[in-house]
Amino acid sequence: MLLPIPAGLSWHEAAAGFPEAFSTAWDALVVQAGVRAGDRVLVTGAAGGVGTAMVQVAAASGAHVVASVRRTELHGRVKELAPAGSTVEAVVPGQEGGRAPYDVVVELVGGEECLRRVELLRARGKILVVGVQGGTMAPLRMFDLMLARAQLIGTTIRGRTQAEKTLLAATVRTSVVPLLAERRLRVPVDSAFPLDSYSDAYARLAGPGKFGKVVMQF
């Protein structure tokens, strides 16, 4: 499951910030949702560690990305994540519907209202439930899912077998690490904390206004 660290990247970026976030993003978007050039992808909670990875993987795949970020002061930084030749648009949650329909909705926030985004899908669209920090229960109007002939996909790397994780690591090693080495992907690091300040790190993780990963260091 080891991954190489491309030359010129810091331990914070490559060793701490990259593996889980970008493995999650690649597995969800490319392997499971089959995102492709020309798709429209909505990423909720797009300023966080996994969110910034999702935005970049979708854009690098040729999709038009709409990044939903509640704090407008982060919109400019999110749009700058777009690799050369790609497009990332930043909106607040209330503006998501104006950019619909979407082929893929990446749900990184959760909460009671999150599955209402089924209404924003085009026919045969997909909702990827990857994060539920805002709440783990949400009602679903199943007829909306049926009318859209949509797919609801839940995913996490936790709980997978060693063999499944090894296969994913091999895919990331051959398909995603080269993009990082070419600087087509980057790893925003919000902040770094020493191990004995773990409580401060978790407080930052739970707080508002993050952009990228919160990492801990020896």
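Key figures
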item	result
Residue tally, condition touching a helix residue (DSSP H, G or I) at 6+ places or on another chain (Cβ under 8 Å) and either over 14 Å from Thr52 (Cβ atoms) or of a type outside the set (Phe, Trp, Tyr) (or both), over the range 1-19	11
Residue match in the range 111-121 (condition: surrounded by 12 or more Cβ atoms within 10 Å (Cβ to Cβ), within 20 Å of Ala59 (Cβ to Cβ), under 15 Å from the mean Cα position of the chain (by Cα) and in contact (Cβ under 8 Å) with a residue 12 or more places away in the chain)	no
Residue in the range 48-59 that is farthest from Phe22 (Cα to Cα), counting only those that are of a type in the set (A, V, I, L, M) and open to solvent by less than 10 Å² (accessible area, probe 1.4 Å)	Ala59
Residues located in the range 124-171, provided they are polar (S, T, N, Q), open to solvent by less than 100 Å² (accessible area, probe 1.4 Å) and more than 20 Å from Val41 (Cβ to Cβ)	Thr161, Thr166
The range 185-218 - residue that is of a type in the set (D, E, K, R), farther than 15 Å from Ala25 by Cα and not in a strand (DSSP E or B) and, of those, least open to solvent (accessible area, probe 1.4 Å)	Lys210
Enumeration of residues in the range 140-160 that are without any contact (Cβ under 8 Å) to a residue 12 or more places away in the chain and part of a loop (DSSP other than H, G, I, E, B)	Arg158, Gly159, Arg160
Residues being surrounded by 18 or more Cβ atoms within 10 Å (Cβ to Cβ) and closer than 13 Å to Pro93 by Cβ - total across the range 63-72	4
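The rows are residues; the columns are (1) at positive phi; (2) buried (at least 23 other Cβ atoms within 10 Å of the Cβ); (3) without any contact (Cβ under 8 Å) to a residue 60 or more places away in the chain.
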| site | (1), (2), (3) |
| --- | --- |
| Gly17 | no, yes, no |
| Ala21 | no, yes, no |
| Asp39 | no, no, no |
| Ser61 | no, no, yes |
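Each row is one residue, and each column tells you yes or no for (1) under 16 Å from the mean Cα position of the chain (by Cα); (2) open to solvent by 10 Å² or more (accessible area, probe 1.4 Å); (3) at pLDDT 95 or above.
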{"position": "Leu74", "(1), (2), (3)": "yes, yes, yes"}
{"position": "Ser86", "(1), (2), (3)": "no, yes, no"}
{"position": "Ala90", "(1), (2), (3)": "yes, yes, yes"}
{"position": "Val105", "(1), (2), (3)": "yes, no, yes"}
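The values are calculated or read from the model by the stated rules, or taken from the named source; none is laboratory data. None of the values given here were measured: they were computed from a predicted structure. Positions of Cβ are generated from backbone atoms using ideal geometry, with glycine treated the same way; all protein chains shown enter the neighbour counts. The area values use the complete protein model at the heavy-atom level, side chains included, leaving out ligands, DNA and RNA. Shrake-Rupley method; radii C 1.70, N 1.55, O 1.52, S 1.80 Å.
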